[in-house]
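What follows is a single structure, written as C-alpha cells, with notes after it.
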Amino acid sequence: MTRLILFLLLMSSLSASLFAQDEPQDLLPADFHLGRREALRKLLPPKGVAVFFANPVRNRSNDVDYLYHQDPDFYYLTGYQEPNAMLILFADEQTDDKGNKYTELFFAQSRDPLRERWDGKRLGPEGVKSKLGIANTFDHKEFKDKKIDFAAFDKVLFFDFKNDVRDAGGEADLYDLIQQFRDKAGIPSNYNGARETMYAQLREVTEENYKQVAESVFARYGRNPGMRNDEHLQAFIKAGSGKEAKKIVAKIPALPKNLDASSLGGKMGQLRMVKSDAELKLLRKAVDVSCQGQVEVMKAMHPAMSEMEIRGIHEFVFRRYGSEYEGYPSIVGSGHNSCVLHYVENNRQRVSTDLVLMDLGAEYHGYTADITRTIPADGTFSEEQKAIYNIVLEAQEAAFKVCKPGTAMRETTRICREIADKRLAELGLIKPGAQHEYFPHGVSHHIGLDVHDRSTGAPMAEGMVITVEPGIYIPPNSPCDPKWWGIGVRIEDDVLITKDGYELLSKSAPRTVEEIEKMMAQPSPLDAFLLPNLDKKN
Ligand code: GLY
Ligand code: MN
Ligand code: MN
C-alpha cells in the first residue's frame, strides 16, 4: 500500500512537472511582482493601506463569457491571472493575534476539481504561495471573517469600483469580495469616488472663492453619471452666496475620512511608466512579433483581400510566436475606413486599390505593442497617397528627434502638427494658418501592460516606452479637392527612451514608401494557401 501511494505521488509530481514545462517559461518572475509591491508600499502614506481587486469576468452572451483578462495593475503587482481575488498592501508592518508579522494579504479563488474539469486549472492559495511567492495567501472565502479594522488606518486607498461586476452566485466571487470590503471599510453602496473627490474640494470652500469652485464643479460634474443627478452638487452650483454655499456643503453626508479612491492611479502610473529590463524583454517581443505580422501582411496583400483577412493574417503570425491576444481590437481600414481613427468593424470585402491603414498590436505575456503601417493595397502608392504619406513620415521623423529624457510628452504632437499644417497648406488642402480637422489626435502615449499605459504625464525619461504616431485623415466630403478624399495615413512606431536619446523598437516593419513598395513586391507563403469557394453550388 505504501509503495502504491509512493508510486502515485511520484507519478503526480512527474506529470505536474511535465505539464509545467508545457507552459510559457518566460513570464515575469515572482521576484518582479514582489519588487513592485515593495516599491508601491514605499509610495503609500504612513498608516496607509491599499486594496486591489482582480478584474471582473464579463459576459459576452447567454452562458459565454469574454476571454478573461486580468486587470493590469493587479497583474503587475501579483502575476495572478485568475478572477475573484484581492490584494491588500500595508504601508507599515502588521502583527496578527499570534504575533506573526506581515505587510500584505492575498485572497485567491479556491481550487475546485469540478470547475477545473470544465474551465481549466486554478492555482488556489497553495499555488499562489508556491508559484507566485505570495506567502500570506488565503482562500478568498476567508476574507469575510478576517479581522481588518480599516477605520484604524489613516488612508484606505482603492480604485473606484467598476459597475460591471456581476454576482455570479459563489460565496466569495468578486461581487462578494467588494461587498465585504465595503462593509468593513464603511463604504456605502452608492459610493462614487469621483463625486467624493469633488465633495472634498467643496468642503474646503470659503465664502470668497465659492463662485470659482462652483464654476469648476459646473465644468466637471456633467461628465460623470454619478454626479449629474446629485442633489448636493446641483444645489451648490445654484447657490446665491458664499454663506448659502457653505450651508449646502454642511449637509453633504460625511463618509469615513480615510477613504481615498483618487490617488492610487497616480502611484501606479509612477511605477508603471518606467519599464524594467524584465518588462522590456516582453515588450520587445510583442513589438518584434507585431512587426513580423506587418511584414507578412505586406507580402500577402492584394486588392481582392478583405479587411478581416488582413487582420486574420496578422493574428495568425502573432499567435505563431506565442502572443496570446490582440493588445486592443485590430484596426484595418481601407479607403474611407482609414479615416475612422478607431475603426474596428474591419468588414470591407475588398480593399481595392486604396490605402490600407493597419493599426495592429500583439500582446505578449501581458505587454502590448502598438504599431500602425499604411500601405497601398496594390503595392504602389499613387501620387496623392504618396504626398500625404510623406508629410506624415516627415512629421514622425521630426518627432523622433526630440525623443529623449526631459522632453515633455506633448512636444511630439506640437512638432508633428506644425509640419502637417505647413505641408497641407503647400498642397492646397488648407489655407495657411487655417484651423482644420485632418490631424485630430495626439502623437504620443505610453505602452506597456495597457496599450494606453498608465503614467503621471511626466516628461520623457530613460526606460519609458512611448508611441510616435502622427496621422492625417481626409474623409470623403472634406472641404478640399475630391482627389484627396478617402486618404487616411497613420504611421505609428514604438520608441524606447534611452539615457541620451531613443531606440526605435519597431524598426523592422518597413516604413518609407520605397521600403514598403519593395516589401510588397516580395512573394508570400500565403500566395499558395488557396481555399475552396464554399459558396459554389455543387
Ligand atoms: N491603437 C490605438 C492607438 O494607437 O492609440
Ligand atoms: Mn497608439
Ligand atoms: Mn495604434
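Region 335-375 has equivalent-ellipsoid semi-axes of 23, 10, 9 Å, by the square roots of 5 times the alpha carbon gyration tensor eigenvalues, sorted largest first. Within a straight-line Cα-Cα reach of under 28 Å, K281 can be paired with the following lysines, leaving aside sequence neighbours fewer than 8 residues apart in one chain: K42, K121, K129, K131, K267, K299, K401, K404, K499, K507. Compared with the alpha-carbon gap, the fully stretched path from L427 to L114 is longer by 106.0 nm at 0.36 nm per residue. Placing a pseudo-label 7 Å from each Cα along the Cα-to-Cβ vector at F529 and Q270 gives an inter-label distance of 4.7 nm. Rounded, prolate or oblate: which fits region 293-356, taking a ≥ b ≥ c as square roots of the Cα gyration tensor eigenvalues, rounded meaning a/c under 1.5, else prolate when a/b beats b/c? Oblate shape, in that a/c is at least 1.5 and b/c is the bigger or equal ratio. Dipole size of region 93-217 about its Cα centre, with +1 on Lys/Arg Cβ and -1 on Asp/Glu Cβ: approximately 520 debye, rounded to the nearest 20.
How many times 2.2 N^0.38 Å is the alpha carbon radius of gyration of region 235-382?
The reported ratio for this selection is 1.63.
Rounded to the nearest whole Hz, the Karplus-based 3J(HN,Hα) values (6.51 cos²θ - 1.76 cosθ + 1.60, θ = phi - 60°) of region 323-329 follow the sequence 6, 8, 9, 6, x, 6, x, with x at glycine and proline.
What whole-number value in cubic angstrom gives the convex hull volume per residue for the C-alpha atoms of region 135-272?
Spelled out: Cα convex hull of region 135-272, divided by residues, is 152 Å³.
Using the beta-carbon distance between N209 and A250 and R0 = 22 Å, what value does 1/(1 + (r/R0)^6) give for FRET efficiency, to the nearest 0.05? Taking R0 as 22 Å, the efficiency between N209 and A250 is 0.85. Averaging the sequence gap over all C-alpha pairs within less than 8 Å and six or more residues apart, then dividing by the number of residues, gives region 116-219 a relative contact order of 19 percent. Applying a length cut-off of 24 Å (Cα extent along the axis) and a mean Kyte-Doolittle floor of 0.5 to the DSSP H helices of the chain leaves 2-22. For region 394-486, which GluC sites (Glu not before Pro) are both in a DSSP coil and crowded by at most 11 other Cβ atoms within 10 Å? Here the GluC sites (Glu not before Pro) that fit, given the DSSP loop and packing criteria, are E437. Restricting the calculation to Cα atoms, every distinct pair contributes to the Kirkwood radius of region 308-448, found to be 16.7 Å. Calculated from the alpha-carbon coordinates, region 427-479 shows an Rg and a Dmax of 15.6, 44 Å respectively.
Over 18 Å, how big is the tail of the calculated P(r) for region 26-94, in percent of all Cα pairs? When all Cα pairs of region 26-94 are counted, 47 percent exceed 18 Å. Taking 0.36 nm per residue of separation and subtracting the current Cα-Cα distance, fully stretching the chain between L341 and E142 would add 67.0 nm.
Using the beta-carbon distance between N163 and D26 and R0 = 30 Å, what value does 1/(1 + (r/R0)^6) give for FRET efficiency, to the nearest 0.05? After rounding to 0.05, the efficiency reads 0.25.
Estimated from helices alone, the mean residue ellipticity of the chain at 222 nm is -11500 deg cm²/dmol (sum of -39500 (n - 2.57) over DSSP H runs with n ≥ 4, per residue). Taking chymotrypsin sites (Phe, Trp or Tyr not before Pro) as candidate sites, keep only those in a DSSP loop with at most 15 other Cβ atoms within 10 Å, then name the longest stretch of the chain containing none of them. Longest stretch, sites excluded: 69-320. Does region 65-177 classify as rounded, prolate or oblate by the C-alpha gyration tensor (a ≥ b ≥ c root eigenvalues; a/c under 1.5 gives rounded; else a/b over b/c gives prolate, otherwise oblate)? Prolate is the answer for region 65-177, as a/c is 1.5 or above and a/b outweighs b/c.
Write down the Kirkwood hydrodynamic radius of region 411-538, to one decimal in angstroms, obtained as one divided by the mean of 1/r over all alpha carbon pairs.
Value: 18.1 Å, from the Cα pair sum.
Both radii are taken from the alpha-carbon atoms of region 14-138; with Rh as the Kirkwood radius, Rg/Rh is 1.00.
What the phi angles of region 469-476 give under the Karplus curve with 6.51, -1.76 and 1.60, with θ = phi - 60°, is a coupling list of 9, x, x, 10, 10, 10, x, x Hz, glycine and proline written as x.
Legend: P(r) of the chain from all alpha carbon pair distances, 20 Å bins from 0, whole percents, reading 18, 44, 32, 5, 0. When the Cα positions of Y502, A39, I148 are compared along the charge dipole of the chain, I148 comes out farthest toward the positive end, with charges on each C-beta of Lys, Arg, Asp and Glu. What FRET efficiency comes out for the pair Q94/E515, r = Cβ-Cβ distance, R0 = 56 Å, nearest 0.05? Efficiency, rounded to the nearest 0.05: 0.45. Annotation: amide H-H contacts under 5 Å for F161 (H modelled 1.01 Å from N, sequence separation of 5 or more, or interchain): G193. Under the combined filter of DSSP loop state and at most 16 neighbouring Cβ atoms within 10 Å, region 158-213 retains these GluC sites (Glu not before Pro): E171, E204, E207, E208. Other residues within the sphere of radius under 12 Å centred on the Cβ of L449, judged by their own Cβ, net out at -2 (K and R +1, D and E -1). Applying 0.36 nm per residue to the separation of S61 and K238 and subtracting their alpha-carbon distance, the gain on full extension is 59.3 nm.
Bear in mind that the values in this text are calculations on the coordinates, not laboratory data. Everything quoted here is computed from the prediction, not taken from an experiment. Reconstructed Cβ throughout: ideal geometry from the backbone, glycine too, with neighbour counts over all protein chains shown.
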